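A.B. asks: Have a look at this one.
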Amino acid sequence: MNMSIGQIQTSAGGMPVVILREGTRESKGKEAQKNNLTAAKLVAEVVKSSLGPRGMDKMLVDTLGDVTITNDGATILKEIDVQHPAAKMVVEVAKSVDNEVGDGTTSAVIFTGALLEKAEELIEKNVHPSVIVDGYTAASNEALKILDKIAIKVKTDDKDLLAKIANTSMYSKLVSEDSPVLSKIVVDATQLIAEINEKTKALKVDLDNVKVEKKAGGSIHDTSLIRGIVLDKEVVHSGMPKRIEKAKIALINSPLEIEKTEMSAEIRISDPQQMQMFLEEENNMLRAMVEKIKTSGANVLLCQKGIDDIAQHYLSKEGILAVRRVKESDMTKLTKATGARLVNNIDDLTSKDLGSADLVEERKVETDKWVFIEGCKNPKAVTILIRGGSQRVVDEADRSLHDALMVLKDVMEKPFIVAGGGAPEAYIATHIKNWSSGLAGKEQLAVIKFAEALETLPIALATNAGMDPIDTMAELRAKQSKGIKWTGVNVKSTNIMDMYKQNVLEPVVIKEQIIKSATEAACMILRIDDVIASSKSRAPPGGGMPGGMGGMPGGMGGMGGMPGMDME
């Protein structure tokens with residue numbers, strides 16, 4: 001039931017009692033649940049058609065008219081402004097999966113929607129939501145155990161294998177045609193920056209050390225990996241060299257300028273010569289700074305702060321290439337790439353603090369001039385420069401590369417994989433169905449529904465490829481029961497085959513995260529039986545407006561609010 005205006009409840013003695021403020025809306029019981037489940041399922045519907053290599057892309061236009069074309073679940077849901085509170089919880093699933101493992105966002109949302117859809121069928125048969133929650137939790141634990149059993153351990157230095165895994169993650173993206181080129185770049189990048197923890201011998205991959213720069217122009221084939229850093233700045237002075245080989249690089253955190261006095265000081269000059277001396281002294285100080293840099297042996301200077309015009313003049317006379325106002329994050333990456341030490345005081349600069357690179361050069365990229373620092377010996381920070389036909393293509397390539405980098409990080413930090421194409425989901429679903437027969441009561445029904453929900457992933461893959469979902473699942477189950485456990489949906493050739501042999505491989509971590517996040521979110525939504533939404537009254541407390549803005553037309557699904565009132 002939907003109550004509004006004052007929420008008058010009556011006590012046992014029949015006295016009317018007003019407990020919630022006027023204009024508050026409340027929906028209870030079945031209605032509240034139905035509302036929440038429908039909203040959450042609709043979110044899943046939005047991304048369902050973008051799953052897999054034959055999935056379609058979405059074109060999202062924001063209020064400013066900016067266009068995003070993508071099939072990345074997290075991006076789609078971030079860009080559309082979801083208002084309904086239950087739907088927002090599903091969007092959070094996508095965000096958490098994206099932050100944690102980077103890929104599998106679409107699957108996680110579809111699975112959450114499927115779990116809720118199956119739960120709704122049970123609620124209509126009067127199964128209590130708590131029973132469903134218990135069943136789902138038990139089933140997800142069992143699913144994770146099965147996943148552990150079927151996982152295959154891999155070697156993290158096997159470049160071919162890593163390239164196949166990166167390829168799989170980009171297979172369903174706009175850039176799938178160029179994925180062989182891109183996956184090689186991604187593998188090289190992650191291998192360069194991977195660091196081994198001496199004690200545990202575990203690999204650590206910090207993706208902050210991969211700088212991704214993007215520029216429209218050329219084609220995706222022109223995307224390159226630079227063993228070093230690209231700065232979107234130009235050389236400060238036109239008289240400086242634009243190219244230096246065998247560069248010795250100084251990284252300086254302090255400005256090459258004369259610091260102005262903090263308090264208001266006054267210098268009285270009585271003689272024109274004193275003025276001349278005063279200016280010369282400034283010049284000498286700047287010249288001394290440049291001398292310091294010169295004596296250290298540096299021929300490239302990258303400065304986080306400003307460089308005075310006169311200092312620029314002296315630097316160019318010495319033939320030193322200088323860049324100013326480099327971002328702090330780039331300076332940190334430069335220390336890792338070139339091996340230089342970040343110096344805060346120029347007086348401290350010695351030849352030991354310098355980093356090295358084979359080449360530092362200013363190049364024109366489209367209309368901008370950028371400085372490339374490349375050919376570092378053992379760079380622990382690298383740059384991927386993405387090119388593409390148009391800004392939209394470059395943006396989507398950037399998102400795809402992010403997913404691929406995250407997937408490789410996942411595998412290198414936890415080296416276990418499974419095949420893709422819906423094979424593990426179908427395998428786990430069958431096992432859970434068999435396992436459920438040992439459970440008592442209505443919980444068994446919930447566990448079976450969990451298995452059915454898992455099967456929606458291979459079904460969605462097949463549907464997006466134009467295959468018949470019922471026939472597909474029948475054939476898939478038949479082949480898996482014969483013992484070919486990696487049987488999945490090969491979307492490219494629209495048939496059922498061993499996906500491991502097709503080199504469609506995915507990290508186990510992603511599958512785990514999908515199951516965990518989706519189950520938790522679905523259980524959370526199922527537990528809600530009462531939605532109380534207070535209206536945002538603009539009037540001062542105690543009226544000021546007739547009815548305290550009470551009987552407003554309900555916004556979304558019994559959530560108060562009127563166009564023009566911001567419903568956060």
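The values are calculated or read from the model by the stated rules, or taken from the named source; none is laboratory data. The structure presented is a predicted model; accordingly, all values stated were derived computationally and were not measured. Neighbour counts are summed over all protein chains in view; Cβ atoms, including those assigned to glycine, are modelled from backbone coordinates with ideal geometry.
A.B. asks: Considering only region 486-498, state which residues are touching a helix residue (DSSP H, G or I) at 6+ places or on another chain (Cβ under 9 Å) and assigned to a strand (DSSP E or B). Spell out the reasoning first.
C.D. replies: Of all residues in region 486-498, those touching a helix residue (DSSP H, G or I) at 6+ places or on another chain (Cβ under 9 Å) come to 486-489, 491-492, 494-498.
Passing the criteria: THR487, GLY488, VAL489, ASN495, ILE496, MET497, ASP498.
A.B. asks: Inspect all residues belonging to region 464-485 and state whether any of them is outside any helix (DSSP H, G or I), assigned by TED's automatic domain parsing to the domain that holds ILE110 and closer than 30 Å to VAL133 by Cα.
C.D. replies: Residues of region 464-485 outside any helix (DSSP H, G or I): 465-468, 482-485.
After this cut, where a residue has to be assigned by TED's automatic domain parsing to the domain that holds ILE110 as well, the list is 465-468, 482-485.
From the residues that got through so far, the ones that are closer than 30 Å to VAL133 by Cα too are 485.
There is at least one residue in region 464-485 that is outside any helix (DSSP H, G or I), assigned by TED's automatic domain parsing to the domain that holds ILE110 and closer than 30 Å to VAL133 by Cα.
A.B. asks: OK, next. Condition check: assigned by TED's automatic domain parsing to the domain that holds LEU302 and modelled with pLDDT under 90. Does GLU366 satisfy that?
C.D. replies: Details: assigned by TED's automatic domain parsing to the domain that holds LEU302: yes; modelled with pLDDT under 90: yes.
Criteria met by GLU366.
A.B. asks: Do we find that LEU60 is part of a strand (DSSP E or B) and in the same structural domain as ALA451 (by TED's automatic domain parsing) in this structure? Walk me through it before giving the result.
C.D. replies: On the way: part of a strand (DSSP E or B): yes; in the same structural domain as ALA451 (by TED's automatic domain parsing): yes.
Judged against the criteria, LEU60 is a match.
A.B. asks: For region 185-233, name all the residues that are within 17 Å of ASP368 (Cα to Cα), basic (Lys, Arg) and over 23 Å from the mean Cα position of the chain (by Cα).
C.D. replies: Once the filter is applied, which keeps residues that are within 17 Å of ASP368 (Cα to Cα), basic (Lys, Arg) and over 23 Å from the mean Cα position of the chain (by Cα), region 185-233 yields only LYS233.
A.B. asks: So, one more: Cβ contacts < 6 Å: first residue over 16 Å from THR519 (Cα atoms), restricted to region 116-141; second residue modelled with pLDDT under 90 and of a type in the set (Lys, Arg), any location; separation 6+ or different chain. Result?
C.D. replies: VAL127/LYS442
A.B. asks: If a residue must be in a loop (DSSP other than H, G, I, E, B) and polar (S, T, N, Q), how many such residues does region 226-282 contain?
C.D. replies: Residues of region 226-282 that are in a loop (DSSP other than H, G, I, E, B), as a first pass: 227-228, 232-242, 253-255, 257-271.
In the following step, the residues that additionally are polar (S, T, N, Q) were identified as 238, 253-254, 261, 264, 270.
Number of matching residues: 6.
A.B. asks: Name the single residue, out of those in region 152-188 being among the hydrophobic types (A, V, I, L, M, F, W, C) and part of a loop (DSSP other than H, G, I, E, B), that is nearest to ILE226 (Cα to Cα). Before the answer, list the steps.
C.D. replies: Here is the first cut: in region 152-188, the residues among the hydrophobic types (A, V, I, L, M, F, W, C) are 152, 154, 161-163, 165-166, 170, 174-175, 181-182, 185-187.
Right, trim to part of a loop (DSSP other than H, G, I, E, B) and you get 154, 174-175.
On the way: VAL154: 27, LEU174: 23, VAL175: 20 Å.
For region 152-188, the residue satisfying everything is VAL175.
A.B. asks: hydroxyl-bearing (Ser, Thr, Tyr), surrounded by fewer than 24 Cβ atoms within 10 Å (Cβ to Cβ) and under 32 Å from the mean Cα position of the chain (by Cα), is that true of SER390?
C.D. replies: On the way: hydroxyl-bearing (Ser, Thr, Tyr): yes; surrounded by fewer than 24 Cβ atoms within 10 Å (Cβ to Cβ): yes; under 32 Å from the mean Cα position of the chain (by Cα): yes.
Yes.
A.B. asks: Would you check if there is a residue in region 163-173 being assigned by TED's automatic domain parsing to the domain that holds GLY438 and more than 20 Å from the chain's Cα centre (by Cα)?
C.D. replies: The answer is no; no qualifying residue exists.
A.B. asks: Any chance region 283-300 includes a residue that's of a type in the set (A, V, I, L, M, F, W, C), part of a loop (DSSP other than H, G, I, E, B) and farther than 23 Å from HIS237 by Cα?
C.D. replies: no
A.B. asks: I'm told LYS149 meets every condition in (1) more than 20 Å from GLU512 (Cα to Cα); (2) of a type outside the set (Gly, Ala, Ser); (3) not in a loop (DSSP other than H, G, I, E, B) except one. Can you identify the failing condition by its number?
C.D. replies: Status for LYS149: all satisfied but (1).
A.B. asks: Sticking with this structure for a sec: Show the residue pairs meeting these rules: Cβ distance below 6 Å; 6+ apart or different chains; first residue within region 442-458 and assigned by TED's automatic domain parsing to the domain that holds PRO129 and assigned to a helix (DSSP H, G or I); second residue among the acidic types (Asp, Glu) and surrounded by fewer than 21 Cβ atoms within 10 Å (Cβ to Cβ).
C.D. replies: Within 6 Å, the pairs are GLU443/ASP134.
A.B. asks: Also, I was wondering about something else. Can you name the residue in region 14-53 that is touching a helix residue (DSSP H, G or I) at 6+ places or on another chain (Cβ under 6 Å) and either outside the structural domain of VAL90 (by TED's automatic domain parsing) or modelled with pLDDT under 85 (or both) and, of all such residues, is farthest from TYR171 (Cα to Cα)?
C.D. replies: So the residue we want is GLU22.
A.B. asks: Just to be sure I understand the filter: pairs with C-beta atoms under 8 Å, separated by 6 or more residues or on different chains, first member in region 173-186 and under 15 Å from ARG387 (Cβ atoms), second member among the acidic types (Asp, Glu). Which pairs pass?
C.D. replies: Pairs that qualify, where the first residue is under 15 Å from ARG387 (Cβ atoms) and the partner is among the acidic types (Asp, Glu), are LEU174/ASP57; LEU174/GLU396; VAL175/GLU396.
A.B. asks: Restricting attention to region 316-331, which residues are more than 25 Å from ILE258 (Cβ to Cβ) and either surrounded by 15 or more Cβ atoms within 10 Å (Cβ to Cβ) or modelled with pLDDT under 85 (or both)?
C.D. replies: If we filter region 316-331 for residues that are more than 25 Å from ILE258 (Cβ to Cβ), which is where we start, we get 329-330.
Matches in region 316-331: ASP330 only.
A.B. asks: Another question, if that's okay. Within region 99-106, is there a residue that is of a type outside the set (Lys, Arg) and surrounded by fewer than 22 Cβ atoms within 10 Å (Cβ to Cβ)? Step through it out loud before you land on a result.
C.D. replies: Looking only at region 99-106, we keep the residues that are of a type outside the set (Lys, Arg), and these are 99-106.
Now narrow it down to the ones that are surrounded by fewer than 22 Cβ atoms within 10 Å (Cβ to Cβ): 99-100.
Yes.
A.B. asks: Could you please give the count of residues in region 60-78 that are closer than 13 Å to ASP398 by Cβ and not acidic (Asp, Glu)? So that I can check it myself, show each step before the final result.
C.D. replies: First, the residues of region 60-78 that are closer than 13 Å to ASP398 by Cβ: 68-70, 72, 75.
Add one more test, that the residue is not acidic (Asp, Glu), and what stays is 68-70, 75.
The number of residues fulfilling the criteria is 4.
A.B. asks: Another question, then. Kindly indicate whether ILE258 is at pLDDT below 85, farther than 24 Å from VAL365 by Cα and surrounded by 13 or more Cβ atoms within 10 Å (Cβ to Cβ).
C.D. replies: On the way: at pLDDT below 85: yes; farther than 24 Å from VAL365 by Cα: yes; surrounded by 13 or more Cβ atoms within 10 Å (Cβ to Cβ): yes.
Yes.
A.B. asks: Out of all the residues in region 354-368, is one or more out of contact with any strand residue (DSSP E or B) (no Cβ under 6 Å at 6 or more places or on another chain) and assigned to a helix (DSSP H, G or I)?
C.D. replies: There is no residue in region 354-368 that is out of contact with any strand residue (DSSP E or B) (no Cβ under 6 Å at 6 or more places or on another chain) and assigned to a helix (DSSP H, G or I).
A.B. asks: Has region 201-208 got at least one residue that is outside any strand (DSSP E or B), within 30 Å of ILE320 (Cα to Cα) and not assigned by TED's automatic domain parsing to the domain that holds TRP486? First the steps, then the outcome.
C.D. replies: Filtering region 201-208 for residues outside any strand (DSSP E or B) gives 201-202, 205-208.
In the following step, the residues that additionally are within 30 Å of ILE320 (Cα to Cα) were identified as 208.
Narrowing the set further to residues that are not assigned by TED's automatic domain parsing to the domain that holds TRP486 leaves 208.
Checked against the condition, which is being outside any strand (DSSP E or B), within 30 Å of ILE320 (Cα to Cα) and not assigned by TED's automatic domain parsing to the domain that holds TRP486, region 201-208 yields at least one hit.
A.B. asks: Could you please find all residues in region 369-384 being surrounded by fewer than 20 Cβ atoms within 10 Å (Cβ to Cβ), in contact with a strand residue (DSSP E or B) (Cβ under 9 Å, 6 or more places away or on another chain) and either of a type in the set (A, V, I, L, M) or closer than 17 Å to LYS336 by Cβ (or both)? Working first, answer last.
C.D. replies: First pass over region 369-384, keeping only residues surrounded by fewer than 20 Cβ atoms within 10 Å (Cβ to Cβ): 369-370, 375, 377-378, 380.
Retained after the next criterion (residues that are in contact with a strand residue (DSSP E or B) (Cβ under 9 Å, 6 or more places away or on another chain)): 369-370, 375, 377, 380.
Matches in region 369-384: GLY375, LYS377, LYS380.
A.B. asks: Quick one: is LEU385 assigned to a strand (DSSP E or B), touching a helix residue (DSSP H, G or I) at 6+ places or on another chain (Cβ under 9 Å) and touching a residue at least 40 places away in the same chain (Cβ under 8 Å)?
C.D. replies: yes
A.B. asks: For the subset of region 107-141 comprising residues that are closer than 17 Å to LEU37 by Cα, of a type in the set (A, V, I, L, M) and more than 26 Å from the chain's Cα centre (by Cα), which member is surrounded by the most Cβ atoms within 10 Å (Cβ to Cβ)? Spell out how you get there, then give the answer.
C.D. replies: Step one: list which residues in region 107-141 are closer than 17 Å to LEU37 by Cα, which gives 108-133, 136.
This time we only want the ones that are of a type in the set (A, V, I, L, M), so: 108-110, 114-116, 119, 122-123, 127, 131-133.
Keeping just the survivors that are more than 26 Å from the chain's Cα centre (by Cα) gives 119, 122-123, 127, 131-133.
Values: ALA119: 26, LEU122: 20, ILE123: 17, VAL127: 19, VAL131: 16, ILE132: 28, VAL133: 19.
For region 107-141, the residue satisfying everything is ILE132.
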